[in-house]
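Read through the structure below, which is laid out as structure tokens, and then see the notes.
The values are calculated or read from the model by the stated rules, or taken from the named source; none is laboratory data. This structure is a prediction, so every number in the text was calculated from the model and none was measured. Quick reminder, even Gly has a Cβ in these numbers, built from the backbone with ideal geometry, and neighbours come from all protein chains shown.
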Amino acid sequence: MKLETYEGNLQELEADVLVLILDAQNPLFDLDNEALQERIAGAQAQFSAGKLSRELSFDTTGLKVGSVLLFSSELEKNHGFWENLKTFAARGLRYGAETGRPRVAFALNGSAGLEHVGKLVEGLILGSYSFEKYRQKPRNLFEDSVAVIWTTSSEQAQQQIERSQIYCQATNTARDLVNEPGAVVTPAALVRRCQDLAATHNLQVEIWDKDRLAQDRRVGLLAVGGGSEHPPFMATLSYQPDSPSDVHLVLVGKGVTFDSGGISIKPADKMHLMRGDMAGAGAVLGAMDIIGQLKPDIRVTAIVVTAENAPDGKSMRPGDILVYRNNKSVHIENTDAEGRLILADGLIHAGDIGATHILDVATLTGAAVRALGYSFTGLMGNNRTLINAVTRAGGNHGEAYWKLPLPAEYKEYIKSAVADVNNMGGPAAGAITAGLFLQEFVPAGAAWAHLDIAPTFWKEKAWKYFGEGASGVAARTLADLALNWSEHTAR
Ligand code: BES
Ligand code: MN
Ligand code: ZN
């Protein structure tokens, strides 16, 4: 897909399709053409009366625009305006591509048009993504597509376009990492991705291999990665602003490149989706990709903890006890509760490098999926300001977070007869007991929040502007949080 801007009049606009989006609160377009205005007013009445249940298209005469495609916010009651705008953008571009009319213009020349260019472009870029790499004949549906953004100022439109491109190309790269097979995105491959990002955006990178992990007693990574041919790693990637910052935000990403469950092996059904069990690491790296380009005022470090959870003679066993670097001991009741074991190493390390604020991101529990379904990421933590900040940052990107409690009362569920803590709770409140486990490893004094993206990291079927597969969830939220830190953390 190519993006162009246009700031002339309707008469001179050349496109196969002109997409118009009707929203009662936001006049997005302004057409200097009476016949069209009448037609649209008629359609608007029908949309409002519920007599039109899908978008409307009609051919035009006397214009260099072949046909008009008309969407209305009345068609989508489940989501807010920004999300609808993105969805309609994606559908408009697709409509053109599927009907052999690849040049699609989007009218944002109305009084409320220009301010929404960025959101529309997000819909275009996220909506034209699909993972085609392994097909003999990739379906490059949008290969010839040209999206023409019609506004009253191409210059101002261009600024928003560039920002959205950075956000959404990074998100799509994160989606690629999650969609790739576990045989391709191994722990070493995630490490290479860290090194690439460091080189392209001038970030500091440090890599700890298995020997170094052993020296430092990173026992979670060693235990979880013990059964795999692909050794575990811990990587840190740091962004430093030009002027010194009191805030040091540390993002810890779960990078389990394939989660078989280990000795407590998972059922075969849906196990293939566990190639995406590194989506937390993908999100954190996606965020660093954006941060490295847009340069926030605060210091940000990503810690990627990565291993493959495989069954083998060298695997950790149920009943094993790990003694962490901070001397806390963990009894392994179930080797499939592995994410929290490696995140514990990451959280301890966040303390070692002086984090003031920590966010961990992980496909951590099936229980979060059962509690929240597929549209909300589970959010827990020890600091209300940080939790609210994450929620607000997500709101800018259509990423919904839902706060779950971390009641001290439930710590009882993860008590162990032989160690300081058990690596799983009972059948109740599985997302919360995972959060309580992590809290045991949060360094004293740090504000912390935990994002359980198990509900949202994968789309089983197309949803809004997303196709099937990895969603890239949380990359944009984390970047937005860092880039608008003082705004989001002001109460
Ligand atoms: N990676 C899984 C959680 C998961 C499940 C993510 C489904 C996305 C979709 C995690 O490592 C896991 O296996 N969790 C167990 C924990 C249990 C053994 C306490 C779970 O949720 O069943
Ligand atoms: Mn698991
Ligand atoms: Zn897992």
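Values for this structure:
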read-out	value
Within the range 457-472, considering residues that are in a loop (DSSP other than H, G, I, E, B) and over 16 Å from GLY253 (Cβ atoms), the one nearest to ligand 2 (Cβ to nearest atom)	GLU460
Boolean, GLY425 is out of contact with any His (no Cβ under 6 Å at 6 or more places or on another chain), assigned by TED's automatic domain parsing to the domain that holds ARG299, away from ligand 1 (no atom under 16 Å from the Cβ) and in a loop (DSSP other than H, G, I, E, B)	no
Criterion (more than 14 Å from ligand 3 (Cβ to nearest atom), assigned by TED's automatic domain parsing to the domain that holds LYS266, touching a residue at least 40 places away in the same chain (Cβ under 8 Å) and more than 18 Å from ALA434 (Cα to Cα)) met by exactly one of ASP312, ASP345	ASP312
Qualifying residue in the range 130-148 (condition: outside any loop (DSSP other than H, G, I, E, B), surrounded by 20 or more Cβ atoms within 10 Å (Cβ to Cβ) and modelled with pLDDT of 95 or more)	yes
First in the range 150-171 and more than 21 Å from ALA15 (Cα to Cα), second anywhere and part of a loop (DSSP other than H, G, I, E, B), Cβ under 7 Å, 6 or more apart	THR171/GLY472
Scan of the range 222-244 for residues that are crowded, with 24+ Cβ neighbours inside 10 Å, touching a helix residue (DSSP H, G or I) at 6+ places or on another chain (Cβ under 6 Å) and not hydrophobic (A, V, I, L, M, F, W, C), ordered by number	PRO232
Selection within the range 45-64 - in contact (Cβ under 8 Å) with a residue 24 or more places away in the chain and either within 18 Å of ARG91 (Cα to Cα) or outside the structural domain of GLU14 (by TED's automatic domain parsing) (or both)	PHE47, GLU55, SER57
Residues located in the range 327-339, provided they are surrounded by 15 or more Cβ atoms within 10 Å (Cβ to Cβ) and either over 23 Å from ASP277 (Cβ atoms) or more than 15 Å from ligand 1 (Cβ to nearest atom) (or both)	LYS328
Residue that is farthest from the chain's Cα centre (by Cα) [pool: residues in the range 149-184 that are acidic (Asp, Glu) and surrounded by fewer than 16 Cβ atoms within 10 Å (Cβ to Cβ)]	GLU155
Only one of TYR410, TYR401 that is hydroxyl-bearing (Ser, Thr, Tyr) and either within 16 Å of ligand 1 (Cβ to nearest atom) or surrounded by fewer than 20 Cβ atoms within 10 Å (Cβ to Cβ) (or both)	TYR410
Elements of type strands (runs of 3 or more DSSP E) in the range 310-406, at least 3 residues being over 30 Å from PRO231 (Cβ atoms)	376-381, 400-403
Qualifying residues in the range 304-322 (those that are in contact with an Asp or Glu (Cβ under 9 Å, 6 or more places away or on another chain) and of a type in the set (A, V, I, L, M)) - the one nearest to MET424 (Cα to Cα)	MET316
